[in-house]
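Everything below concerns the one structure shown next.
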Amino acid sequence: GEMRSRVGALLGADPRGLWIGTFHSLSARLLRREAPLLGFGPNFTIYDVDDQQALIKRLLEQKGVSPKAYPPRALQGVISGAKNRMMLPEELGAQADSPIARVAADIFQALGPALKQANAMDFDDLLLHPLTLFREHPERLAYWQDRFRHILVDEFQDTNAIQYAFIRVLAGDTGHVFVVGDDDQSIYGWRGAKVENMQQFL
């Protein structure tokens, strides 16, 4: 709301037609329209951290693994970190160097189908699924590239690998992207943000 208000003040008009929001909110809005192509209903549920951990606990119990020995909170953190680096479950499993990493990879493998069965996505999926959509349905990518002919990204130093990829794919070959950031203000490295995105942005 604050962003929309500021844009409206700068334009001197209601910014109707512009999509203004966070990566997650804009991706969710896009996915509400495209969800059936990915095997979801448009009324999919967005799982918060508590929902994710409850699902992970159920998956552990189904596999006969103790949630006390492998806390869902810790597993969720490992899986989320892998998703933010755009790793597949198989890649996480291949790199697993501890029991908890191996269990996380196993749960990660089961998590996608379980979420789809529940018609749900987690916060990381909101960023990953549009990339899957664009890769598997180039005609929809062309549509959204035409819809977003100019892109502005603020706080660019706090973007992670998925967000960077999303911007690059959506911008296509036009190069009509304007980013604003300050590498001295990068404070979300613990959440997967890569200040290097500013240095390699072309």
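The values are calculated or read from the model by the stated rules, or taken from the named source; none is laboratory data. The structure displayed is predicted, hence computed values, not measured ones. Heads up, the Cβs are rebuilt from the backbone with ideal geometry, glycines too, and the neighbour counts pull from every protein chain shown. Areas reflect the complete protein model, heavy atoms only, side chains present, ligands, DNA and RNA absent. Shrake-Rupley method; radii C 1.70, N 1.55, O 1.52, S 1.80 Å.
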If contacts are Cα pairs under 8 angstrom and at least 6 residues apart, what is the relative contact order of the chain in percent? 19 percent
For the chain, what % of the accessible area comes from carbon and sulfur atoms, probe 1.4 Å? 54 percent
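What is the gain in length, in nm to one decimal, between Q62 and D173 on full extension, counting 0.36 nm per residue of separation less the C-alpha to C-alpha distance?
Separation in residues times 0.36 nm, less the Cα-Cα distance, equals 35.3 nm.
Assuming R0 = 22 Å, can you tell me the calculated FRET efficiency for the pair Q109 and Y143, based on Cβ-Cβ distance, to the nearest 0.05?
Using R0 = 22 Å, I get an efficiency of 0.10.
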Can you tell me the accessible area per residue over the chain, all protein chains present, probe 1.4 angstrom, in square angstrom? 58 Å²
Interchain or sequence-distant (5+) residues whose placed amide H lies within less than 5 Å of the amide H of L152 are F178
Straight distance only, please: which aspartates and glutamates reach the Cα of K68 with their own Cα at less than 19 Å, same-chain residues fewer than 8 apart left out? D50, D51, D106
Can you check how the C-alpha radius of gyration of region 103-147 compares to 2.2 N^0.38 Å, as a plain ratio? 1.42
Over the chain, what per residue volume does the convex hull of the Cα atoms give, in whole Å³? 142 Å³
